[in-house]
Amino acid sequence: MSPTVDPAVRSEIAGVVGARYVFDRDEEKRAYSYDASLIRARPDLVCVPGSAEEVAAVVRVAHRHRVPFVARGAGTGIAGGSIPIEGGIVIALTRLNRILEVNIPDRYAVVEPGVVNLDLTRRVENEGYCYRPDPSSQKVCTIGGNVASNAGGPHCLAYGVTSNHILGMEVVLPDGSITEIGAPHLEPGGYDLTGLFTGSEGTLGIATKIICRLSRSSEAVRTMLASYDRMEDAAAAVEAIIAAGVIPAALEMMDREIIRAVEAAVGAGYPVDAEAVLLIEIEGPRDGLNESSDVIKSLCLDQGAREFRTAQSEEERQKLWKGRKGALGAVARIKPMYYLHDGVVPRTRLLWVMKKIAATAAQHRLTIVNVFHAGDGNLHPFILFDPADADEVRRVHLAGEEILRACVECGGTLSGEHGIGIEKNEMMGWIFSEQDLETMRRVRSAIDPAGVANPKKVLPSGARCGELSRSPGSAPAGAWI
Amino acid sequence: MTVEPSDFSAAKDCVSCGLCLPHCPTYREYPVEMASPRGRIELMKGLAEGELQPGPALEEHLSLCLGCRACETACPSDVRFGHLLENARAVLKDAGASGWTSSALRRLFLNQVFPRPAVLSALASSLRFYQTSMLRRWVQSLLRLMPGPVERLEALMPDFTAPWSAPPPELPAHGPERGVAAFLTGCVMPHCTGEANDATLEVLRHHGYRVLTPKDQRCCGALHLHSGYQEEARQLARANVSAFEATGADVVVTSSAGCGAALKEYGDLLSRDPEWAERSRAVESRVRDVHQVLAETDPPPPMGRIALRAVYDDPCHLLHGQGVSLEPRQLLRAVPGLELVEAKEPDWCCGSAGIYTVTHTEMSLRVLDRKMEDLLSLEPDIILTANPGCLLQLRLGVARSGSDVPVHHVMELLARASRGPDLTGPDELRRHGLTGERTR
């Protein structure tokens, strides 16, 4: 039997959300022990509140009893942000899934945190609007989770990540009080708390209402696919496109292995014998789109593209994107499990880092496949393995760490859009000084002095965190697969 | 033959990406992880590893699944969820983990009723008598005084009022013969959706098929399989394999999506039985849903005009279980005068799911209500589907919504079109229905 919370806590929480939405049997704890990452830990209790008031009341109970709590959306995170690493209470926000207000003239919508990303766009698309951030999991992931991890997506190249599209929110603070930050209109002055809370991964509280910026959908869109026989040429094309000053809405790269897996899974129409493909999308007013696509086409061909084609219909366009968005799941066709990284490099170092990744794979005898947001240098290497092979698992962690080291060395960073979670918090010392981290710690403890909101996440746990990163060979295997 | 750990190896293919979540009707209605495909796979992993034991918690969470397999269509890793679920339910059933009432109910229907044509027939006759006599009104007024499960059951009961007699073992094609089809009648269909069976025969013949209906066929075993009664399902499968291989027909045809999906997995079901493995695979390879067979007829036979606005609702076991969704639409679009409109969520389950309506009435009706809202918002003159369970469930949904839109099997409409004369519009449909004169 896994540990349980104090019966008093259980009954208080049941009093708030109703017995039907409190779970603590072994089966139920197991069902809330994972997300889309490899990290696992079981909560002591799960509750699924039905309103912001219930969330606040649950947090008050947790705070009073000093029980840690973790907010959870759809569980599609890939950095373990919603994993209850210290046990405690998982507060699942999936019932808070209402779109509370849509204001087209003022271009904003107020949503509850459990609203699925794509559902917001679907709600406003007939009126010619959309919510821009589009993580690959947008059919599933929640806006609350997007805010927590400051999620990105293929189209963030042109439009920026989640923090560029959040205007304000209602937050339950770690002591259970409710506060409102930001506003639907112009920046209200004072500290930019909306900026602070976006990407805080549930360590500063739980958003219960979120004001999202709505954007005008583009008048026209064009999606292109360029195929290459050499990865180097594809990387060079990316650099050339960005250098030419044509900023596509999305510029994605996929390598040979992922192309094959995706083709087997969804039949997106990618050439299975290419070494790399670029999926390029441009959008904007109809006038000018032809010029942009001509520029992109000639740049792609200049760098040796063996095929360049433009989707001729919306159906064909959706098919091309279906391949890209289904890549994550399709990877399981190659090996049973993957470890997905999210490092970022300056775009001019793409080719360098791709070679580094290939060398790392060879050195550790691993298969690493790549599908990533090339346009903004945001890598997504999938390191594939079989969880039953303990030595392979060990090598997977070594390789992952080496790839992230390489990203940081060439002037990049640890995460583009997945967040830090419990996966990379010990590496924060690679990119921040002790003073930087201390500033963050002081902000965190000012808002959560009791340390109950998603403890052990984002910031390094040790006092001298920079030196505490896992030494080679000490990957906590059991906890990570 | 019991379930082996290797029967759960498909669970390892799940990378917990969660892309299945928005496609799962129970998760959408009850958004907790245990009510999602990913959560259920996790529980089944626990069961396979021996970490979780068969018991009330697993039974509760795994029995809530409709088995619609929408998650399989959504899964980028190709996890065979339906297969996993059948195995898990078999483990739970063998461990006696099912609750007393639901397992007693299941046992009664799965062992004593569906596999026995005589019992089923007698039951249908008694229900027919009940539904046509004064007795029903008397019982209903009595039940109103004590609402509860029995009252609900009474209200959910399908219509048994039209008796159906089995067709002769062989019926010639109308016109030149294109092929020979062996027809699976299904166990319940003859008694509550007999018109759909008649229509299937008629349309097949109209398309040039000679139709054989072997007398010794049995229930397909789908309901048994979904409830964990694997051995019973295997027995029925063997009986059907032997009945259908004896016909020598080009194709084995059914107009019941649920039965078709089960027949198409006979090879898997009997794969460990040396005597039957090959024979079952051979029969399985000839199984086609009736829409698949008809859609291949080239050129299609002439059809009369049917001036109706129709919506087609995909049965889960046709769409997800067999990957058939274009063929019914293709056939309907070919009917002159018919306007085919599309629902917003054609892939949403209707909540029928075999005996789920009886075992999980509340969830079933919630899923159904969402379906009806979608379908009725299109203001169709007629709702069409391709599975008897869905047919009955949608009729229940229409009644619950206070509407009177008729619900029929696609075959009934095609039969009417092939029979002629033109159907002039909704008024005529309301007055005379689709059946008209029986032609057999």
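So in the range B:7-41, with the set limited to residues that are of a type in the set (S, T, N, Q) and touching a Ser or Thr at 6+ places or on another chain (Cβ under 8 Å), which one is farthest from the other protein chains (Cβ to nearest Cβ)?
Looking at residues that are of a type in the set (S, T, N, Q) and touching a Ser or Thr at 6+ places or on another chain (Cβ under 8 Å), I get B:Thr26.
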From the list A:Ser33, A:Ser82, which residue is small (Gly, Ala, Ser), at pLDDT 95 or above, out of contact with any helix residue (DSSP H, G or I) (no Cβ under 7 Å at 6 or more places or on another chain) and surrounded by fewer than 24 Cβ atoms within 10 Å (Cβ to Cβ)?
A:Ser33
Give the range B:262-295 a look and list any residue that's in a helix (DSSP H, G or I), among the aliphatic types (A, V, I, L, M) and over 18 Å from B:Gln235 (Cα atoms), or say none.
B:Val290, B:Val293, B:Leu294, B:Ala295
Determine, yes or no, whether A:Gly416 is part of a helix (DSSP H, G or I), in contact with a strand residue (DSSP E or B) (Cβ under 6 Å, 6 or more places away or on another chain) and closer than 23 Å to A:Ala276 by Cβ.
no
Condition (residue is basic (Lys, Arg) and in a helix (DSSP H, G or I)) applied to the range A:309-321: is it met by at least one residue?
yes
Taking A:Val140 as meeting all but one of (1) away from chain B (no Cβ under 14 Å); (2) under 17 Å from the mean Cα position of the chain (by Cα); (3) of a type in the set (A, V, I, L, M), write down the number of the exception.
(1)
Could you grab me the full set of residues in the range A:25-45 that are more than 9 Å from chain B (Cβ to nearest Cβ) and not aliphatic (A, V, I, L, M)?
A:Lys29, A:Arg40, A:Arg42, A:Pro43, A:Asp44
Unmet requirement for B:Ala90, which otherwise passes all of (1) within 14 Å of chain A (Cβ to nearest Cβ); (2) modelled with pLDDT under 95:
(1)
Cβ-Cβ below 9 Å, separation at least six or inter-chain, first residue in the range B:400-420 and within 17 Å of B:Met372 (Cα to Cα) and assigned by TED's automatic domain parsing to the domain that holds B:Thr385, second β-branched (Val, Ile, Thr) and part of a loop (DSSP other than H, G, I, E, B): which pairs?
B:His409/B:Thr193
Quick count over the range A:191-218, residues being out of contact with any strand residue (DSSP E or B) (no Cβ under 7 Å at 6 or more places or on another chain), in a loop (DSSP other than H, G, I, E, B) and touching a residue at least 60 places away in the same chain (Cβ under 8 Å), is 3
Out of the residues in the range A:332-371 that are at pLDDT 90 or above and assigned to a loop (DSSP other than H, G, I, E, B), state the one that is farthest from the other protein chains (Cβ to nearest Cβ).
A:Pro346
If I go through the range B:296-350 residue by residue, how many of them are crowded, with 20+ Cβ neighbours inside 10 Å and part of a helix (DSSP H, G or I)?
8
Determine which member of the set A:Gly152, A:Gly128, A:Gly145 is of a type outside the set (Phe, Trp, Tyr), surrounded by 23 or more Cβ atoms within 10 Å (Cβ to Cβ) and more than 12 Å from every other protein chain (Cβ to nearest Cβ).
A:Gly152
Is it the case that the range A:287-303 has a residue that's touching a Phe, Trp or Tyr at 6+ places or on another chain (Cβ under 7 Å) and assigned to a loop (DSSP other than H, G, I, E, B)?
no
Residue within the range A:275-282 that is without any contact (Cβ under 8 Å) to a residue 24 or more places away in the chain, touching a Lys or Arg at 6+ places or on another chain (Cβ under 7 Å) and of a type in the set (Val, Ile, Thr) present:
no
Could you give me the residue pairs with C-beta distances under 7 Å whose first residue belongs to the range B:339-351 and is under 20 Å from B:Ile306 (Cβ atoms), whose second residue is part of a loop (DSSP other than H, G, I, E, B) and acidic (Asp, Glu) wherever it lies, and which are 6+ apart or on separate chains?
B:Ala343/B:Asp313
The conditions are (1) closer than 30 Å to A:Val266 by Cβ; (2) touching a helix residue (DSSP H, G or I) at 6+ places or on another chain (Cβ under 6 Å); (3) not polar (S, T, N, Q), and A:Leu414 fails exactly one of them. Which is it?
(1)
Pairs under 6 Å by beta carbon, first residue farther than 16 Å from A:Ile206 by Cα in the range A:165-190, partner at pLDDT 95 or above and part of a loop (DSSP other than H, G, I, E, B), six or more apart or different chains?
A:His165/A:Arg132; A:His165/A:Pro133
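Taking the options A:Val17, A:Val48, A:Val22, name whichever one is without any contact (Cβ under 8 Å) to a residue 40 or more places away in the chain, within 14 Å of another protein chain (Cβ to nearest Cβ) and aliphatic (A, V, I, L, M).
Numbers: A:Val17 fails: without any contact (Cβ under 8 Å) to a residue 40 or more places away in the chain; A:Val48 fails: without any contact (Cβ under 8 Å) to a residue 40 or more places away in the chain.
Selected residue: A:Val22, the only one of A:Val17, A:Val48, A:Val22 that is without any contact (Cβ under 8 Å) to a residue 40 or more places away in the chain, within 14 Å of another protein chain (Cβ to nearest Cβ) and aliphatic (A, V, I, L, M).
Conditions (1) outside the structural domain of A:Lys325 (by TED's automatic domain parsing); (2) surrounded by fewer than 17 Cβ atoms within 10 Å (Cβ to Cβ); (3) touching a Pro at 6+ places or on another chain (Cβ under 9 Å); (4) not hydrophobic (A, V, I, L, M, F, W, C), marked per residue:
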position: A:Leu193; (1), (2), (3), (4): yes, no, no, no
position: A:Gly202; (1), (2), (3), (4): yes, no, no, yes
position: A:Ala207; (1), (2), (3), (4): yes, no, yes, no
position: A:Ala235; (1), (2), (3), (4): no, no, no, no
position: A:Met253; (1), (2), (3), (4): no, no, no, no
position: A:Tyr270; (1), (2), (3), (4): no, no, no, yes
position: A:Glu291; (1), (2), (3), (4): no, yes, no, yes
position: A:Leu301; (1), (2), (3), (4): no, yes, no, no
position: A:Gly304; (1), (2), (3), (4): no, yes, no, yes
Restricting the range B:47-88 to residues that are under 25 Å from the mean Cα position of the chain (by Cα) and at positive phi, the residue that is surrounded by the most Cβ atoms within 10 Å (Cβ to Cβ)
B:Arg69
Quick one: would you say A:Val115 is surrounded by 22 or more Cβ atoms within 10 Å (Cβ to Cβ) and more than 10 Å from chain B (Cβ to nearest Cβ)?
yes
Assuming B:Met44 fulfils every condition listed in (1) over 23 Å from the mean Cα position of the chain (by Cα); (2) modelled with pLDDT of 95 or more; (3) facing chain A (nearest Cβ under 10 Å) apart from one, which condition is it?
(3)
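The values are calculated or read from the model by the stated rules, or taken from the named source; none is laboratory data. Everything numeric in this text was worked out from a predicted model, so none of it was measured. So basically every Cβ, Gly included, is an ideal-geometry build from the backbone, and we count neighbours across all protein chains shown.
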